[in-house]
Each structure stands twice: as C-alpha cells, then as structure tokens.
1. What about residue A:187, is it open to solvent by less than 40 Å² (accessible area, probe 1.4 Å), under 23 Å from residue A:250 (Cβ atoms) and assigned to a loop (DSSP other than H, G, I, E, B)?
2. For the range A:201-253, give me each residue that is under 22 Å from residue A:358 (Cα atoms) and part of a loop (DSSP other than H, G, I, E, B).
3. Among the listed residues B:38, B:20, B:43, which satisfies the condition of being within 8 Å of chain A (Cβ to nearest Cβ) and farther than 30 Å from residue B:120 by Cα?
4. Within the range A:244-254, is even one residue open to solvent by 10 Å² or more (accessible area, probe 1.4 Å) and hydrophobic (A, V, I, L, M, F, W, C)?
5. Which one of these is in a helix (DSSP H, G or I), of a type in the set (Ser, Thr, Tyr) and open to solvent by 10 Å² or more (accessible area, probe 1.4 Å): B:346, B:361?
6. Can you tell me which residue among B:283, B:236 is among the polar types (S, T, N, Q) and in contact (Cβ under 8 Å) with a residue 12 or more places away in the chain?
7. Among the residues of the range B:92-106, count how many are in a loop (DSSP other than H, G, I, E, B) and either facing chain A (nearest Cβ under 10 Å) or open to solvent by 20 Å² or more (accessible area, probe 1.4 Å) (or both).
There are 2 protein chains.
Amino acid sequence: MFEFNLTATQGCARAGTFTTPHGQLNTPVFAPVGTQATVKTLTPAQLDELGASLILSNTYHLYLRPGDELVREMGGLHAFMQWPGPLLTDSGGYQVFSLAQTRKIDDDGVTFKSHIDGSTHRFTPEKSIQIQENLGADIIMAFDECSDPNDHTYSKIAMERTHHWAERCLTAKTRADQALFGIIQGGVNRDLRTASAQFIASLPFPGIAIGGLSVGETKEEMLSTLDVVTPLLPENKPRYLMGVGTPEDLINGIARGVDIFDCVLPTRLARHNAAFSSEGRLNLMNAAFARDPRPIDETCDCYTCRTFTRAYLRHLIGAKELLAGTLLSIHNLHALIQLVKDIRESIMDNTFYNNVPAWLSQWQGNAERKSYNYTVKD
Amino acid sequence: MFEFNLTATQGCARAGTFTTPHGQLNTPVFAPVGTQATVKTLTPAQLDELGASLILSNTYHLYLRPGDELVREMGGLHAFMQWPGPLLTDSGGYQVFSLAQTRKIDDDGVTFKSHIDGSTHRFTPEKSIQIQENLGADIIMAFDECSDPNDHTYSKIAMERTHHWAERCLTAKTRADQALFGIIQGGVNRDLRTASAQFIASLPFPGIAIGGLSVGETKEEMLSTLDVVTPLLPENKPRYLMGVGTPEDLINGIARGVDIFDCVLPTRLARHNAAFSSEGRLNLMNAAFARDPRPIDETCDCYTCRTFTRAYLRHLIGAKELLAGTLLSIHNLHALIQLVKDIRESIMDNTFYNNVPAWLSQWQGNAERKSYNYTVKD
C-alpha cells in the first residue's frame, strides 16, 4: 500500500513517488501545515488550486480540540476537514514539549497540562498511536522527545527514550492503511545523530524522519547534521525533515537527500504581512508599495499574483482586512510548493546541482536566519 | 449604456435586466457589501462561485483609505479589487452620519472627523460625485442626508437638503459610463415620503433608491413606507432599497416592487458564527452541533454546504480559525442570492405570490426583528 520508488537521482538529491491510500505523492514535497484541521484561512479548494498535495495536521491540537474520538466518529480527518489527498499527523511530542504547560517526562511517557484549559493529560507512545489511528492520516509519526540540540547529556537521554518509544509505537500500531515513520533525534551532536540514524534505520519503518532540527540551532549546524544523517539512511525509504523550512532550507535539504518537508513559515509570514519573492522577502506594509501596480512576484503564477497588485494587498493590510492573510498564504504556500516542483523537474533533467547556486542566490533574501554558504556537492 | 427592461411582472413584483458597462444584472438582485474594496474574507473567485453579480463598496471608507485618487491611479475600483462585474458605490452620506466623529451639517455639505485618525474632512454633493467618479463604479449614488425616521421636523429638513443635493449631484456628474441614482428620504412619514418620491422621480435619474430605512424603524414602518413610495415610482427605472435586508425583507421588498438590495447582514452574521437556514437561523457554536454530520442547510448547494459538516464548522469556530468566517460568509451570501434568484424565476413563472407565504414561513426564523404579518397583495 505504501510504495516508494525513486524516479531519478542526481548526487544525493532524489525525485520519487510515494503511494498512499489517498493518492500518490511526488517527492520531494512540501506539506502545508493545517494545525487544527485547517490550513489557516484557506479552503481545501484553494489548497488544491495552489498545488498542495500533502497536508500536515497536529495530533496534540486535535486531541485537545475537538478530540480524536470525535474526528473518528465524523469519518476521520480526511472526511472531517475534507482534504481528499494524503494527510500526515505528527506524534504530539513536539507540541507537548513546546506548548503544553508544566510537563513531566518519564521513561513511559509525558504528563502535561493543556495550553487551552490547564487540564491534565498523559501521552505515551501507545496513546499517541491510538490518537493517530483515530485521526486516520496516511502517514503517522512515532512518539519522540525533542531535546535542546546543543545539550549532549539531555540529547542522549531524549534520543534513547525516542528509540524505546519507536519500538513501542511499532508494536502498538494496528492499522494497515497508515504508514508509521520513525524519528531520528540527537540534537546537533554527531555521535548521537549517527547512533540514532543507524538505530531508526534498522527498524521496519516505511519512512524515516529527522526530528529536532529548526529548533534553535544555526543553519550550519542543521546542514552538518543532515550531512551526518542522510548517508546512513536506506535509499528505498522516504526521508522527512520535520518543521523545515525556508526556501533555502528546502534547496539545501533536497541537495542532501531529503524527500518531505513541512513548515508553518508560509502561513505565519502571511499573518505578518510578509511574502516570499524572488527579489527577497517583502513586507507588504512597506509605504513604497502604496501605488505599486506589480504583483508580489512577477515570476509567480499563483492566484494572488495572477490577480492582485501590491497596492491592493497593502490596502487590505492597512484596512485590517482578513483577505490579506488569505491572499498572502496562497502566495507563500504556492511559492514553496512550486520551488520544490521545479527542483523535482531539475533532478529528473539532471540539472539540479547546476541550478543550486542560482536558486540559493534568488531565494536567500527570504531566509529567517543568516544564509548558509552552500557548497555544490555533485 | 444603462438600459432597464422588465422581463416579467406579477402584481408589484418585477423581474428585469439592467445593462451596465461591466455586464448585465438580472433583477431582483442582492448585492454583497465590500466596504473596503473587499467583501470580508472572500476572494472575487469565491464571490463569483457563490453567485454574486453586483458588489457594493463604500465611498466614505475608500475616500479615507486608501484614497479615491489612489484607486483611480490603480485603474479604478474594478481593477483595484479585481471584480469584473458591476459595482455600486454609495454616496458616503450614510457613513458620515453613522460612523464619523463630530459632524457639522449645513445646507452646502457636511464637515466631519475621520473615525480612523480624527482628521477633518468635508463632503459636499460635488465632492461625493468627484470621489465616486474617481472610484469608477457602474452605479453611483446621490449625496443624501439620513434622518431619525420618526422625527418629522428633522426628516423634513433632511429631505429638503437631500432634494437640493440631488440636483447638484446631477449637475456635478461628468462620466457617461456611470449611472447616478437619486435617493428618496423622509423617514417613516407618509407625507414626506410621498413628496420625496414624487420629487426624485421627476428628476432625470436612471434609477431610484429608497434610503433611510432599516435604521431603527419597525418592520411594519419599513413596509408601510414601501407601500407609500413604490406606487409613485416610474415603471421603467430600477428601484434600490438601500441597506436591506434579511431573507424576509427581500421577499417583502420584492413583493412591493423593489429590484435591488444590499446588506452587510450575511457577512456580519458569519463573523458572529450565525448562518441563515431554511430551519431558521443557526448559531454554529451550539453544543448540539458538535457531532452533527449534516451541512448547515440540506437544501443549500453552496460550497460550504456541499463540502462541510456542522461539526467541522463548530470545531473551526471553537478553535478560533478564520476559515469559519469565510465558510459562513459563503453560505449566508449564497443563501440570499439564491433566494432572490428563485424569486426571480417565480415571477417569470407567475407563481411568486403563491409562494410568498411558504417562503416567509420558511425564512422568518432568520429575522432580526419581529416578523411582519404579510398580506398577499396580488
């Protein structure tokens, strides 16, 4: 049911297909984030039009509200949010560590208080799988513990727990129509990442995720970690870099053999009036755009760029009209999805690494952090 | 350029067509309100899909932000907001009287302070026309003064000013590609409404509006006023009842010979989690809907009702997701637009008055105010 095939490779970069019960994903792929069973401000029809194929939703949020049992009763997450294509749910681990109030971790699981009402809850590997089986996404994730990436002692403890929990998740899983991915941890510590990659790769997961990155480390540390991890992974399983990233992160990640990405950045930037563009990131509130008849990006063919001027978008933002967030979300998501599609084409044409310097130079003005000095690896 | 033809009539009710530079309107028609050059939360593509034909935008708001000169520079309101169909702008009068701070009215015009930044501005009939010519809508409105409907003394003064201003607007108008509609005032005073209808009907306006209703009077007073006014209007000009209404207001208005309506109610209700339905108005936050697999209205074929359950909409509202407002706006606007389209069909089939009691009984649960005891007039 979950078949991964490589269509083409160029160096470490891979173009493939991953078959799921809700359709085939062309990889590499960027997944918009629909935290609460909705990609903020967008209808499924708009997501389809902007080119989305895989959507991520958050187990922690849906467990708390509206509840995974309710989602199951309503026919599962696909039916509930009316996304007909592939869905992925995370394990809830990252949100427990980053959002929940007062958490207590032990080797069996995590007790935490809801950020919504302070009520007490407990996640274990078995509970995370049970919730994710109720939600019913195509790809589900093993329950893991994300550490401070530079704290070696804590990273080792968290990694070992993550490994034990990975085995418990494999045992707990019952649904054949869901692919359970294992997660590699270890912070930015080379020895731990090596051990974690080898351990997770040795288990019978149909896909492997790299967790615990984009959580405060530098770009250099993130990419060095990928350089350690991806060579240790089997060729025949998809690789998912969780919570990443910016346009340049996608280019750099694909160059290191990553197949799947997700990130809240495009929709979060949209809510802060910012747009990706091939001229660098734009803040649409800039007074210079008041009478600018151009689209956000003249090279973009999304609905927003085909239809509206910078002047109109700036007006909507100034007038606090919610349509601004919708239109910027459409553009930002389309920009990343189209970039990844273009990269996939270039891998199949064997031109990816030739294009990398130009792509990085075009997109690095969109970086959140200092740009990484990329070295062509082909 | 602006041709109004009656396709069919049944009693006072009329089905017609009104030709504008941006396409033909089938009347009766309900116009969604796009106050700040956007119908809140909706793209033009969504407005088109839900069946909108005429959109209203507000002169007062656009004059203050982003400024009518800027809109003109950007190619006019159609190009700016990318609505390819007919547009209507009001005169700014109603907003000056209802929104602006400290206003001072004299026979020449109104001086007021912006509700945004307190800056001082002055509207006269000539200024209103100049702004509306910069905006460039297909239908523009004469500058008028809206009175307390039950205050006969003030209503008479406001009506007389409105009449003088109507003549000045006709003189000030320069663009041949815009239809200037006159506005009847007079509150709920039979003598004033009679005088105003006769005076405005005597001027060379291609369309006639009934202003100053839905501003605090009772339903009975509103409909009695229509009963006084519409018989005095020429058959061959479209009649526009401004700022109305609820589903039953549309039914009752069309039964009295009104052709055009606009109202913020559908989008405002959407922002308050309420939906029109043939079972009466629904509050989607109702706990009873938590596991309700039905659409808002099983008889509705809008995108929201074709796609989503009440349970999902309730979840979006509970999770404070903006998509809820978008989906409820789509439904509420579609509901009114479809109701008016169905009424138009029934006028052409000569079955409208037979259907009125059933329609009123179906929709009166959606009323904001006490339901009016309608009497069939055919």
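The values are calculated or read from the model by the stated rules, or taken from the named source; none is laboratory data. Worth saying up front: this structure is predicted, and the values here are computed from it rather than measured. Here Cβ is always computed from backbone atoms with ideal geometry, including for glycine, and neighbour counts include all displayed protein chains. Keep in mind that these areas ignore ligands, DNA and RNA; they rest on the heavy atoms of the full protein, side chains included. Shrake-Rupley method; radii C 1.70, N 1.55, O 1.52, S 1.80 Å.
1. Yes; evaluated as a whole, the condition is true for this residue.
2. Selection gives A:244, A:245, A:246.
3. Going through B:38, B:20, B:43 in turn, the sole match is B:43.
4. no
5. Exactly one of B:346, B:361 is in a helix (DSSP H, G or I), of a type in the set (Ser, Thr, Tyr) and open to solvent by 10 Å² or more (accessible area, probe 1.4 Å), namely B:361.
6. The conditions single out B:236.
7. 2
Yes/no matrix, rows are residues, columns are (1) in a helix (DSSP H, G or I); (2) touching a residue at least 60 places away in the same chain (Cβ under 8 Å):
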| position | (1), (2) |
| --- | --- |
| A:137 | no, yes |
| A:144 | no, yes |
| A:148 | no, yes |
| A:160 | yes, no |
| A:167 | yes, no |
| A:175 | no, no |
| A:192 | yes, no |
| A:199 | yes, no |
